[in-house]
1. Has segment A:138-148 got any residue that is in contact with a Cys (Cβ under 9 Å, 6 or more places away or on another chain) and more than 28 Å from B:Trp236 (Cα to Cα)?
2. Evaluate segment A:154-170: report whether one residue or more is surrounded by 24 or more Cβ atoms within 10 Å (Cβ to Cβ), touching a Gly at 6+ places or on another chain (Cβ under 9 Å) and without any contact (Cβ under 8 Å) to a residue 40 or more places away in the chain.
3. Would you please list the contacts, defined by Cβ atoms under 7 Å and residues six or more apart or on different chains, that run from a residue in segment B:292-317 that is more than 9 Å from chain A (Cβ to nearest Cβ) and in contact (Cβ under 8 Å) with a residue 12 or more places away in the chain to a residue that is of a type in the set (S, T, N, Q) and assigned to a loop (DSSP other than H, G, I, E, B)?
4. Being of a type in the set (Ser, Thr, Tyr), at pLDDT 95 or above and assigned to a helix (DSSP H, G or I) narrows it down to one residue among B:Thr271, B:Thr310; which is it?
5. Out of the residues in segment A:72-83 that are in a loop (DSSP other than H, G, I, E, B) and over 17 Å from the mean Cα position of the chain (by Cα), which is nearest to the other protein chains (Cβ to nearest Cβ)?
6. Report whether or not B:Arg326 is crowded, with 19+ Cβ neighbours inside 10 Å and modelled with pLDDT under 90.
7. Return the only residue of A:Gly109, A:Gly176 being surrounded by fewer than 21 Cβ atoms within 10 Å (Cβ to Cβ) and away from every other protein chain (no Cβ under 13 Å).
8. Does at least one position in segment A:51-71 carry a residue that is buried (at least 18 other Cβ atoms within 10 Å of the Cβ), away from chain B (no Cβ under 14 Å) and closer than 26 Å to A:Glu147 by Cβ?
Amino acid sequence: MSTTPLLAAHALAIGHPRRTVGESINLQLAGGEVLCLLGPNGSGKTTLFRTLLGLLPARDGQIEVAGQPLARWSRSQLASKLAYVPQNPALPFAFSLEEVVLMGRIAHGSPFRQPSRQDRALAAEALHSLGIAHLAERACTEVSGGERQLALIARALAQQAEVLILDEPTSSLDFGNQLRVLDCLSSLRARGLAILLSTHQPEHALRIADRILFLKQGQLIASGGRELITPAALARLYDSDEALIAAGLGMHMR
Amino acid sequence: MPSSTLPTTTRSSLQPVLLLGLVLLLLLAVGGSLISGAYPLSAHQAWQALLAGPTSVGTSVDTSVGSSLSNAAGSELSTVVWQLRLPRIAAALLVGMALATAGATYQAMFRNPLVSPDILGVAAGAGLGASFAILAGLPLVMVQFAAFGGGLLAVSCVVLVATRVRHHDPILAMVLAGVAIGTLFAAGISLVKVLADPSVQLPSITFWLLGGLHAITLTDLALVSPLLFGALLPIWLLRWRINALSLSDDEAASIGVDVRRLRLILIACATLMTASAVAIAGIIGWIGLVIPHAARLLAGAEFSRLLPATLLLGGSFLLIADSFARSVAAIELPLGILTAFVGAPAFLLLLARQGRSA
């Protein structure tokens, strides 16, 4: 495609102030595309996401959002481009799910404003599209981990960003909710959103990804389409036994 | 399949009823406070004195209605109501609202319902300032200034240290710095106490640290009110946005909030409120911890709804506690002791109730 990618990284080095976690990372993500990141624990997936979101400074290289360098975007402008669903966040207070989802609207406008009717409508629509409208008034401390995760995705939708970055969005969900989230991500792709997610389940990548990246020890060791997912490649990625992986995949995919 | 329409938000629809109830509680507390104390008044007498106004001392109180009050008694009544009770009621409301709001703000900001306004060392700083001023034999107004300055100084030190330290969790860094600097200032208070003259200065310091509204004058209120309301205004305006700080820093930033800036604004406002309140009333504990907790049970965690409930409940609670302190014994009880006696069990009760409902 010739259109400007919504999110792009060139020769990106990521890490913390005293430690480089990964380098030479290149990626591009366009609207209507699902990019799936696979990698073992500690391979730098969350660090990469935080860097792409501007939450952690890049150690080297460039990040561009809608063709503009990341640094040119203010925090609130960036929120209308990129939305983030972190992994297992803790909520210390018993906000209702509707209140959690409404928070996606906080930075849209003056710092002093209160939620408008339109904000409430967008939150309601987001809750509905994830099938949790009936839980709108329930406290986030009272619903299941899966339902809380769905509320966070709903918050990202209410934010109306063009790119969704989801850090292992299915990791705390039961099988039914996993499928519901994947189905929802597919329909969001159909609406033209760009989706970047990490997962520990290769079959999820097979199910929804247009492109797949393998991240190992901070290096992108492979990128491509669904054909990338083979027992041999996964065995290399996870330092595991190929037969074991093949058996595991077979069991999951049957 | 879930229905396509959202259920009506019951909490939102109950909010006006709740606020009305809390306003009634506040009015009752004001009424109760007017008639209680060392000079007991009937409700009728208090009402008459209120209607007569502050300027008409001794001349027009109720002669038309044929009251039994003599002019002298009317004058005394008017003095009690207008010069003693009402300023003190205003002080209790202001201090209660300020401490409770600062507590709610700190709790939201530090993502912890067990945080009190003292978390960043305001109370210890104010206590040290006041103790120093008493040791130096300064007049009351200077003691108040020193308390205010000490409170601001302690929090400034904490913020400065916390922003210099590169910690992976900025909140934790700030809380730890608050603990350390609070301890340092508390040690300073102990040192001043050791140095103080045990017959005059030491009792003054101890009494000041216990907190109370007995010494507050109209001038104090006039000085402190602009600070309190000036600090409340940004908190009130930012009340929806403040919710974002209860998320992780990453989440708050990703929904578009400048976390560092918002947190600094709120720390400045909440500290200003606490330091102003402590400067005129001494250290009154527990309100900033218990009231937001209770308000959260009534109004929910969402800050736009929590804030008005906290303001009303905080004002009412301190006013009721102060009326009690004035009238329960022959001598006036220090307010800090009373709020602790009421606050700590109330807190345990709330904790137990919350545990059951969770």
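The values are calculated or read from the model by the stated rules, or taken from the named source; none is laboratory data. Please read all numbers here as calculations on a predicted model, not as lab measurements. Here the Cβ positions follow ideal geometry from the backbone for every residue, glycine too, while neighbour counts run over all protein chains shown.
1. yes
2. Checked against the condition, which is being surrounded by 24 or more Cβ atoms within 10 Å (Cβ to Cβ), touching a Gly at 6+ places or on another chain (Cβ under 9 Å) and without any contact (Cβ under 8 Å) to a residue 40 or more places away in the chain, segment A:154-170 yields no hits at all.
3. That search, which allows pairs on different chains as well, returns nothing.
4. Matching residue, one of B:Thr271, B:Thr310: B:Thr310.
5. The residue in question is A:Ser74.
6. yes
7. When all the criteria are applied, what remains is A:Gly176.
8. no
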